[in-house]
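Below you'll find the structure, written out as structure tokens, and then a few comments.
Bear in mind these aren't lab numbers, they're just calculated from the coordinates by the rules spelled out. Predicted model only: the values in this text are computed from it and were never measured. Note that we place each Cβ from the backbone using ideal geometry, even for glycine, and neighbour counts take in every protein chain shown.
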Amino acid sequence: MIDITNYDDDNIFAKILRQEIPSRKVFENKYVYAFEDINPQAPIHILIIPKKSFCSFQDFSKKADSKFICEFIKSIDLIAEKLELKEGYRLITNIGKHGGQEVPHFHFHLLSGRPIGKMVST
Ligand code: 5GP
């Protein structure tokens, strides 16, 4: 059962941020780290994570300061620009059990490279 109320310093994305395990970096600045998903669901599948400890979007919204939130969101646009996603892309963030969240460090999935299809599976 995923815990998104107490941050787990040993979650896999925390380890990636500490460079304890490898990842394929796409973009990095003071606020975010973006890297390829290990199990891509589309030709482009990037994970965008804050360089601070937030369990989920909910935790991020409640605890991050306004500047950090703003710079995090703007960084997503910088990533999309860098990847030249002229045909668009989809952003997803899963929250908790019903959201299907597996890794308890807030992240956006950026999916592109083909039409991504239906919003949810039936
Ligand atoms: P969630 O289900 O939490 O929204 O998404 C977690 C994502 O992390 C999944 O798409 C999964 O493939 C990805 N993932 C899990 N472990 C690793 C890893 O060690 N490296 C990378 N690059 N992605 C991972």
Exercise. Filter the range 59-70 down to residues that are surrounded by fewer than 17 Cβ atoms within 10 Å (Cβ to Cβ) and part of a helix (DSSP H, G or I) and give me whichever is nearest to the ligand (Cβ to nearest atom).
Key: SER61
Quiz item: Which members of the range 24-52 meet the condition of being farther than 25 Å from CYS70 by Cβ and of a type in the set (S, T, N, Q)?
Solution: ASN39, GLN41
Quiz item: For residues in the range 95-122 being free of Cβ contacts under 8 Å to residues at least 24 places away in the same chain and either part of a loop (DSSP other than H, G, I, E, B) or crowded, with 16+ Cβ neighbours inside 10 Å (or both), which is nearest to the ligand (Cβ to nearest atom)?
Solution: GLY100
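Got at least one residue in the range 11-20 being farther than 20 Å from ARG114 by Cβ, surrounded by 12 or more Cβ atoms within 10 Å (Cβ to Cβ) and in contact with a Cys (Cβ under 9 Å, 6 or more places away or on another chain)?
yes
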Exercise. Kindly indicate whether any position in the range 87-100 is in contact with a helix residue (DSSP H, G or I) (Cβ under 8 Å, 6 or more places away or on another chain) and under 18 Å from LEU17 (Cα atoms).
Key: no
Exercise. Take the range 1-26 and flag every residue that is hydrophobic (A, V, I, L, M, F, W, C) and either under 24 Å from GLN58 (Cβ atoms) or in contact with a Pro (Cβ under 9 Å, 6 or more places away or on another chain) (or both).
Key: MET1, ILE2, ILE4, ILE12, PHE13, ALA14, ILE16, LEU17
Quiz item: Does GLY88 qualify as being on the phi > 0 side of the Ramachandran plot and within 12 Å of the ligand (Cβ to nearest atom)?
Solution: no
Self-check item: Cross-chain or 6+ apart pairs with Cβ under 9 Å, the range 29-52 first and of a type in the set (Ser, Thr, Tyr), then within 9 Å of the ligand (Cβ to nearest atom)
Solution: TYR33/PHE13; TYR33/ILE16; TYR33/SER23; TYR33/LEU47
